[in-house]
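Here the structure comes first, spelled out in structure tokens, and everything after it is commentary.
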Amino acid sequence: MSQPTFTTIRTFDNSTNAHILKIALEDRGIDCFIFDEHMMTVNPLMNVSLGGVKLKVRTEDLEAAKSILKELDDTPYTDENNEVLHCPNCQSTHIISGHRSTKGAASILSGITSLFFMVFPLYAKYVYKCKDCEHEFEMKK
């Protein structure tokens, strides 16, 4: 009996997003496994050397998992009124939610401070990002 082989389907910088996608894939019948989650939890600075938290599927399920991921990626985001979100720059619906932005004065100040004190930068601003025009934006309430 041969051992099953696994293929990384996606990598993450935190385990929460990996678990959300794992649940979505398992709900559609694809067995998933998360690798390096505990190492990243213990020491987040290991992200670069480990390559992030990895979501893996059995190699024989790879094509089905890719198809499901494409379907999920192509589903547009909606707001609390169930209206589709659009990029304010180009009106595209191809949006990434929870993008970690490095633009702005606070990010620059955080980077300088982290270099000066040799500490891990603490500031993070999460925004929406358009996949088509790369525009980063926050939703107005």
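Key figures
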item: Boolean, L45 is touching a residue at least 60 places away in the same chain (Cβ under 8 Å) and either more than 19 Å from G98 (Cα to Cα) or polar (S, T, N, Q) (or both); result: yes
item: Restricting the range 123-141 to residues that are more than 13 Å from I95 (Cα to Cα), part of a loop (DSSP other than H, G, I, E, B) and of a type outside the set (S, T, Y), the residue that is modelled with the lowest pLDDT; result: K141
item: The range 56-105: number of residues that are outside any helix (DSSP H, G or I), of a type in the set (D, E, K, R) and within 21 Å of I23 (Cβ to Cβ); result: 2
item: Answer from I20, I68 - the residue that is without any contact (Cβ under 8 Å) to a residue 60 or more places away in the chain, under 24 Å from E138 (Cα atoms), outside the structural domain of E134 (by TED's automatic domain parsing) and out of contact with any strand residue (DSSP E or B) (no Cβ under 8 Å at 6 or more places or on another chain); result: I20
item: Members of the range 84-102 found to be of a type in the set (G, A, S) and either surrounded by 14 or more Cβ atoms within 10 Å (Cβ to Cβ) or farther than 25 Å from N14 by Cβ (or both), listed by number; result: S92, S101
item: Failed condition for V53, given (1) in contact with a Phe, Trp or Tyr (Cβ under 6 Å, 6 or more places away or on another chain); (2) at pLDDT below 90; result: (2)
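Table: residues versus (1) under 27 Å from C130 (Cα atoms); (2) surrounded by fewer than 16 Cβ atoms within 10 Å (Cβ to Cβ).
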position: I20; (1), (2): yes, yes
position: C32; (1), (2): no, no
position: A65; (1), (2): yes, no
position: Y77; (1), (2): yes, yes
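The values are calculated or read from the model by the stated rules, or taken from the named source; none is laboratory data. Keep in mind the model is a prediction, meaning the values are calculated, not measured. Cβ coordinates were reconstructed from backbone atoms using ideal geometry, including for glycine residues, and neighbour counts include every protein chain displayed.
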